[in-house]
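J.: The structure under discussion is supplied below as structure tokens; questions concerning it will follow.
The values are calculated or read from the model by the stated rules, or taken from the named source; none is laboratory data. As the structure is a computational prediction, the values presented were derived from the model and not from experiment. For neighbour counting, all protein chains shown are included, and Cβ atoms are generated from backbone atoms with ideal geometry for every residue, glycine included. What goes into the accessible areas is simple: the full protein's heavy atoms, side chains included, and nothing from ligands, DNA or RNA. Shrake-Rupley method; radii C 1.70, N 1.55, O 1.52, S 1.80 Å.
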Amino acid sequence: MVIHLATPLRFLPETLAVRLGVPLIALAIALFCYSVAKFRAAGTPVPARKPTTVIVRTGPYRFSRNPIYLAFSMFQLGFAIWVNSAWLLATLVGAVALIHSVVIPKEEQYLEGKFGALYLDYRASVRRWL
């Protein structure tokens, strides 16, 4: 944001920025809340630092193994569009690359070790992102 404030680099016509960004942010918040609610309903903790107790396969987890990361990414995309900042868009690319190549593989390794074939079946049947 500091770079954007110092040197704005816009990528959309101003008339589109709010009309596209705000609904995307709202969708991201709804997806995040729904995903967290499904974790809580299944009795498994949301914070990654606590042990997972079950593989959640309902709600958004039927379509994406990582709907919370998807929600975070959609939120950042919506915010980048809303403030019309190519700089924020560029940081999204880096954030998604880091999550995709570092964070998720560690989580998948943990889940495979803990749940074995149950997790492998889930991983084979549901996409990582969407």
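J.: Do we find that VAL56 is modelled with pLDDT of 95 or more and not in a helix (DSSP H, G or I) in this structure?
T.: yes
J.: Output yes when any residue across segment 80-102 is within 17 Å of the chain's Cα centre (by Cα), open to solvent by 70 Å² or more (accessible area, probe 1.4 Å), over 30 Å from THR7 (Cβ atoms) and small (Gly, Ala, Ser), and no when none is.
T.: No: zero hits.
J.: OK, next. For residues in segment 60-79 being of a type in the set (Ser, Thr, Tyr) and more than 26 Å from LEU5 (Cα to Cα), which is most open to solvent (accessible area, probe 1.4 Å)?
T.: So the residue we want is TYR69.
J.: Go through segment 107-130 and count every residue that is farther than 21 Å from PRO51 by Cβ and without any contact (Cβ under 8 Å) to a residue 40 or more places away in the chain.
T.: So the answer is 2.
J.: Mind listing whichever residues of segment 9-49 are open to solvent by less than 70 Å² (accessible area, probe 1.4 Å), within 11 Å of VAL83 (Cα to Cα) and not aliphatic (A, V, I, L, M)?
T.: Within segment 9-49, just GLY21 meets the criteria.
J.: Modelled with pLDDT of 95 or more and in contact with a Ser or Thr (Cβ under 8 Å, 6 or more places away or on another chain): does that describe VAL36?
T.: Answer is no for this residue.
J.: Would you say ARG57 is surrounded by fewer than 13 Cβ atoms within 10 Å (Cβ to Cβ) and more than 12 Å from the chain's Cα centre (by Cα)?
T.: Here the answer is no, as ARG57 does not meet what is asked.
J.: Test of understanding: among LEU111, LEU77, which residue is among the hydrophobic types (A, V, I, L, M, F, W, C) and farther than 25 Å from ALA26 by Cβ?
T.: Selected residue: LEU111, the only one of LEU111, LEU77 that is among the hydrophobic types (A, V, I, L, M, F, W, C) and farther than 25 Å from ALA26 by Cβ.
J.: So is GLN76 out of contact with any Phe, Trp or Tyr (no Cβ under 9 Å at 6 or more places or on another chain), among the polar types (S, T, N, Q) and under 21 Å from VAL36 (Cα atoms) or not?
T.: yes
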